[in-house]
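Working notes, structure below.
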Ligand SMILES: [Zn+2]
């Protein structure tokens with residue numbers, strides 16, 4: 001079994017067909033198939049050390065008539081170690097999609113994504129890197145905590161600073177996951193377990209073993225993408241949205257570049273016109289923040 005793709009998009013190319021990849025390549029959207037760029041390099045441009053980390057606010061309870069009882073933030077369940085399995089798509093037979101959003105080295109992107117969720121009510125799963133934590137302002141954190149409590153937003157672990165984990169030793173992999181988990185728990189009052197998205201989609205047997213031992217038994221991959229790990233044009237993003245958004249899609253997005261911010265209404269219209277149901281991973285797979 002080939003445990004690691006040679007490039008971020010290679011596994012996607014293999015899975016989704018070379019012909020479609022070449023079509024995208026011809027359209028200038030080849031990088032759409034890639035997972036993530038190198039946000040750590042971008043950190044030097046975007047990080048603002050003078051800004052303090054957001055301060056966690058008290059537990060928020062928000063009534064949610066559709067999602068059952070709200071989550072009481074701050075009650076973190078213990079890890080449930082086990083064997084890790086890959087998650088590529090949603091279950092068949094529903095109209096569900098999971099819109100997932102990674103990284104976060106663009107403060108404007110974070111703020112406007114969160115505002116979009118609040119204004120539209122759309123359900124999202126966030127996989128941010130804690131190294132960019134100072135870009136999550138206290139007001140944005142407060143908004144997120146409210147939506148986490150009512151189960152509209154959910155977190156997965158995407159590691160602290162987005163290293164290629166296949167190049168790290170066991171202790172370093174543990175640190176990447178645990179440090180980010182602590183940041184998510186302390187900031188947003190909820191665990192990311194059991195969901196872990198490896199940076200770039202890169203993993204190997206050691207990565208899976210360490211993740212599973214820490215309670216990250218669902219290794220979150222994707223089968224659709226907005227292509228915005230790198231800077232894309234609005235036309236490319238809309239084209240990819242139209243191509244990939246269909247029942248069962250786990251859609252890959254990023255909090256890294258601004259072009260998608262002006263396209264939320266357009267993308268939401270595509271979702272609505274296809275009668276798709278955007279859900280969190282908990283809603284898609286029957287997991288729970290109360291269990292982790
Ligand atoms: Zn990433």
Next item on the list: Go through (1) under 30 Å from residue 259 (Cβ atoms); (2) over 17 Å from the mean Cα position of the chain (by Cα) and name the single condition residue 214 misses.
Entry: (1)
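Rundown of residues vs (1) crowded, with 24+ Cβ neighbours inside 10 Å; (2) under 15 Å from residue 129 (Cβ atoms); (3) away from the ligand (no atom under 14 Å from the Cβ), yes/no style:
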| residue | (1), (2), (3) |
| --- | --- |
| 157 | yes, yes, no |
| 160 | no, yes, no |
| 166 | no, no, yes |
| 176 | yes, yes, no |
| 184 | yes, yes, yes |
| 191 | no, no, yes |
| 197 | yes, yes, no |
| 207 | yes, no, yes |
Next item on the list: Could you grab the pairs with beta carbons closer than 6 Å, sequence gap of 6+ or different chains, first residue in the range 212-229 and under 20 Å from residue 176 (Cβ atoms), second one within 16 Å of the ligand (Cβ to nearest atom) and at pLDDT below 95?
Entry: 229/34; 229/36; 229/37
Next item on the list: Check whether at least one residue in the range 144-151 is within 16 Å of the ligand (Cβ to nearest atom) and either part of a helix (DSSP H, G or I) or closer than 27 Å to residue 271 by Cα (or both), and report yes or no.
Entry: no
Check: If you scan the range 218-244, which residues turn out to be surrounded by fewer than 23 Cβ atoms within 10 Å (Cβ to Cβ) and farther than 20 Å from residue 257 by Cα?
Finding: 218, 219, 221, 223, 243
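The values are calculated or read from the model by the stated rules, or taken from the named source; none is laboratory data. These numbers were taken from a predicted model, which means no experiment stands behind them. Heads up, the Cβs are rebuilt from the backbone with ideal geometry, glycines too, and the neighbour counts pull from every protein chain shown.
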